[in-house]
Amino acid sequence: MKNLRVSEWLKEYWVIIAFILAKLLIHFSTNTIYELQRDAFLYSALGEHLAWGYHSVPPSIGVFANISRFLFGDTTFALRFFPTVTGACSILLIGLMVREMGGKKLAQFIACLAFLTAPSFLRSNTLFQPVSFNQFYWLLISFLTFRLIRTNKQQYWLWIGVVSGLAFLNKYSVFTAHSSLLADML
């Protein structure tokens, strides 16, 4: 993306931007309709008692709960804000990955539409649980691995390590993603 003007940038990335906005609109307009799922109450309470880890989960969900409460108060919207934004960021990564693989606007449209309309992602990006963040971290690790293979720039190892550390602070299953990528690379 070499010094593109805003109008050129919008022309190049309008499909991805449209799906990001659609994701945000869908979730922000429906996030307060449904009651909180019972786990959200636990994770919200963890935000009131920050620690380096809890009996049932790593610490990052408590941090997200604390930040959302600080920004938006103790509301349903507050707890569902970060999963919604995480889902929108996932669409960005999907669109960029497809584009970098040579996919034109139609391929980007199909990939982003698949994510936007998949019931599993619609649901997980609504719930305040580690799952939504876990999906995003796995996708980001995959994107960085793809960039590493494509460009052979060693700096991506550093970023994979940073994201892996954040993912580990969210859910320990990130090791599954690493073993899958390692098996795939071999």
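None of the figures in this text is laboratory data; all of them are computed from the coordinates on show. Here the structure is a predicted model, which is why all the values come from computation and not from measurement. Quick reminder, even Gly has a Cβ in these numbers, built from the backbone with ideal geometry, and neighbours come from all protein chains shown.
About the centre of its Cα atoms, region 6-185 shows a dipole size close to 400 debye [charges on the beta carbon of Lys, Arg (+1) and Asp, Glu (-1) only; nearest 20 debye].
With the cut-off at 1.5 for a/c, could you classify region 89-186 from its C-alpha gyration tensor as rounded, prolate or oblate? Verdict is oblate for region 89-186. Of W159, W52, W138, W9, the sequence from fewest to most neighbouring Cβ atoms within 10 angstrom is W52, W9, W159, W138.
Largest GNM mean-square fluctuation among P130, P59, P119, using the chain with Cα springs under 10 Å: P119. The length gained on full extension between R69 and A114, counted as 0.36 nm times the residue separation minus their Cα-Cα distance, comes to 13.0 nm.
When each of the peptides 101-107, 112-118 is scored by the mean number of other C-beta atoms lying within 10 Å of its residues, the order from highest to lowest reads 112-118, 101-107. Note on log10 I(q)/I(0) by the Debye sum over Cα atoms at q = 0.08, 0.11, 0.18 Å⁻¹: of the candidates (1) -0.44, -0.70, -1.16; (2) -0.40, -0.56, -1.11; (3) -0.29, -0.54, -1.26, the value calculated from this structure sits at (3).
This model, with +1 at the C-beta of Lys and Arg and -1 at the C-beta of Asp and Glu, gives region 1-71 a dipole about its Cα centre of some 260 debye.
Where only DSSP H runs of four or more residues are counted, the chain gives -25000 deg cm²/dmol as its mean residue ellipticity at 222 nm, each run worth -39500 (n - 2.57). In region 6-185, a dipole from Cβ-located charges (positive for Lys and Arg, negative for Asp and Glu) runs towards its positive end, and of Q37, I61, T126 it is T126 whose Cα lies farthest in that direction. Candidate membrane-span-like segments in the chain, meaning DSSP H helices with Cα atoms spread over at least 30 Å of their own axis and a Kyte-Doolittle mean of 0.5 or above, are 6-30, 76-100, 130-151, with no membrane implied. Among the GluC sites (Glu not before Pro) found in region 1-49, those both in a DSSP coil and sparsely packed, with 16 or fewer other Cβ atoms within 10 Å of their Cβ, are E35. Computed from the Kirkwood radius of its Cα pairs, the Stokes-Einstein diffusion coefficient for region 1-41 at 20 °C and 1.002 mPa s stands at 167 µm²/s.
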